[in-house]
Each structure stands twice: as C-alpha cells, then as structure tokens.
Amino acid sequence: MWDAITSIVNTVSRFLSKNTKRPDGSKRHPESIASASPVTILAVLGAVSDRQLLNEVSRRAEWRVSFASTVAEARESFKRVKPQVIVLDRDMDGTDWRSAVSLLSAASGGACVLLISRVIDDYLWNEVVTNGGYDILRKPLSENDVVRNVKLAWSYWSGTRQPAGIKK
C-alpha cells in the first residue's frame, strides 16, 4: 500500500514541478507549487534544531511558519496565525500529547495536527487520529518527511474547505 501512495505522491510532484515559473518569469521552489497561497504552519516545538529545520524548509518552500513554545501560547495565536497545519512535538515538557492534539485540533478550526515522535507505529497513529490529529512525523526531522507530510496535510485541509458542488 505504501508503494501505491508513494507512486501517487511522486506523480503529483512531477506534475506540479512542470509549472515552476512565476508570472515575472523567475523560478520558484517546487515545494511552493502545492498551493496557490502559502501553507501556514504553527509549530509547537522546543528543540532549537527542529525549529531551525522547519524554518529553513518553510523559507525554501515559501510557507509561512510561526512558532510557539507551549500549547497555551499556540492557542492564543490561532486568530492571528490562522494555521492550516500544526506541528506538535510529543516530548514537550509538561504536556500530555493526547490532550494537546485534541485541544489544538478542535480549537484551530480544523487545522491538521502533525505529531513529532521518536517512535512511530500503528498503535500511535491510531491514537493520534482518534484524538483529532492527522499524522506523525519521525524525530529527528528530515526535510523530505516534513515537505511530504506538510503537503499532504495541506492538501487534505484544502480539500475539506472546498465548497460543495465545486470540483478541482
């Protein structure tokens, strides 16, 4: 099944990368092609290395990224940031990740929550989804995983926002 999913993602990526010119003729990075407007990410991360990697990837992909140090801080910034994707570190101090995923998913107006974890298995994935999350990113973060998962989450988010009767 993963081979089929990977094949679909690769096909879509190749299709999207064919149209990489901006109206002014300059090239744009292929990761930015996935949406007409930039992806908006709110990241609840403690590790400096994770923040740096997400910041670099977001800059190259022309995504907007805001950082929060706590779940409470993230909730306070929802109206200002209006995230489509939320990245949450499972190992945040003093935070029960299940409650945090549930809270962020419900309070954000439907943003897709990606949990960062050192361990990934079917049991954890089922718990993430049960608590309102979208998927899991493996820690330590890799650029390819971040790009792929954020694109998929944004695609899912944008598909759920499509008015009835309008097809892409």
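The values are calculated or read from the model by the stated rules, or taken from the named source; none is laboratory data. Since this is a predicted model, take the numbers as computed values, not measurements. No Cβ is skipped: glycine too gets one built from the backbone with ideal geometry, and neighbour counts run over all protein chains shown.
Taking PRO83 and the conditions (1) surrounded by fewer than 17 Cβ atoms within 10 Å (Cβ to Cβ); (2) assigned to a loop (DSSP other than H, G, I, E, B); (3) not small (Gly, Ala, Ser), which numbered condition does it fall short on, given that it satisfies the others?
Among (1) surrounded by fewer than 17 Cβ atoms within 10 Å (Cβ to Cβ); (2) assigned to a loop (DSSP other than H, G, I, E, B); (3) not small (Gly, Ala, Ser), PRO83 violates only (1).
Of the residues that sit in the range 101-127 and are touching a helix residue (DSSP H, G or I) at 6+ places or on another chain (Cβ under 6 Å) and at pLDDT below 95, which one is farthest from ARG148 (Cα to Cα)?
ALA107
Quick one: which of SER66, SER102 is of a type in the set (S, T, N, Q), assigned to a helix (DSSP H, G or I) and surrounded by 14 or more Cβ atoms within 10 Å (Cβ to Cβ)? Break it down into steps so the answer makes sense when it comes.
Details: SER66 fails: assigned to a helix (DSSP H, G or I).
So the residue among SER66, SER102 that is of a type in the set (S, T, N, Q), assigned to a helix (DSSP H, G or I) and surrounded by 14 or more Cβ atoms within 10 Å (Cβ to Cβ) is SER102.
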